[in-house]
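Notes follow once the structure below has been shown.
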Amino acid sequence: MSLILVIEDETQILLNLQEILELAEFSVITAENGKIGLKLAKIKKPDLIICDIMMPEVDGYEVLTQLRQDPKCADIPFIFLTAKANRNDLRQGMGLGADDYISKPFEMFEILEAVKARLERHSLSHQAYLQENQKTETLQQEIKKNRTDLQNSQQLAQIRGNLLETISQDLRNPLSSINMAIYMLKQAKNEKEREKYLLILKEAYTQELDILNEVDSLRELLTSENTKLLRNYKLLGE
């Protein structure tokens, strides 16, 4: 049930408006002047405000101005109720952010049509805002995910680059031993020397094979998913 705040300094008009709105099953709170109306608006946060223009102390224009400057009340639909309906008054109210005008004297249907129209429009605007907000949040999540995926890919590429450099260096060591052993094997003068250099060749071959096996294992390990896990457990730098 929508809550409506009515601000009106003429008691009979205030009571009439309250009765009309309550018969239409709206919840109604009332204020007999602008000062009280401002306080109620900020405390109760009504769904809509109907406010007279000509009031002592704080008039309707000042009420609207202060509400539009308050972020918590700035979007409350606001309808002016006035016996003054000339063009300048309308322009001033609309310039301050009023949503509608109702002239005194008024009919019951005028009040209800204006209230229902403004509530419906505000509801649609609010729904549109929520949808746009949801789209924005979804987009931000996608951007965050893409940024993380990109970061993972960059780190993965860096790790692989570092690994290839290390492996390249590690592969050179056994190859050097193999080249040396082949050369010395050609120079060997007896069976004992040949056995010695053949053993070096075998050890170098085994070392080379171990390195290649490690490369295969690391290639399976270094996936994007594993990079995320490494970061989550703080085993990988940001």
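The values are calculated or read from the model by the stated rules, or taken from the named source; none is laboratory data. Remember, predicted model here, so these are calculated numbers, not experimental data. Counting neighbours? That spans all protein chains shown, and the Cβs are built from the backbone with ideal geometry, glycine included.
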Problem - Contacts under 7 angstrom Cβ, first residue in segment 1-28 being of a type in the set (Asp, Glu), partner assigned to a strand (DSSP E or B), 6 or more apart - result: Glu8/Asp52; Glu8/Leu81; Asp9/Asp52; Glu22/Val28
Practice task
Determine which single condition Gln69 fails, assuming it passes every other condition in (1) polar (S, T, N, Q); (2) at pLDDT 90 or above; (3) surrounded by 14 or more Cβ atoms within 10 Å (Cβ to Cβ).
Solution key: (3)
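Out of Leu81, Leu21, I need the residue that is in a helix (DSSP H, G or I) and touching a strand residue (DSSP E or B) at 6+ places or on another chain (Cβ under 8 Å). Which one? Talk me through it step by step, then tell me what you get.
Numbers: Leu81 fails: in a helix (DSSP H, G or I).
Going through Leu81, Leu21 in turn, the sole match is Leu21.
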Exercise for the section: Would you mind stating whether Ile29 is within 19 Å of Pro105 (Cα to Cα) and either part of a helix (DSSP H, G or I) or hydrophobic (A, V, I, L, M, F, W, C) (or both)? Expected result: no
Exercise for the section: Quick one: which residue in Ile20, Ile50, Ile7 is crowded, with 17+ Cβ neighbours inside 10 Å, out of contact with any Gly (no Cβ under 6 Å at 6 or more places or on another chain) and closer than 15 Å to Pro77 by Cα? Expected result: Ile50
Practice task
Kindly indicate whether any position in segment 121-135 is in contact with a strand residue (DSSP E or B) (Cβ under 9 Å, 6 or more places away or on another chain), among the charged types (D, E, K, R), at pLDDT 85 or above and within 30 Å of Leu23 (Cα to Cα).
Solution key: no
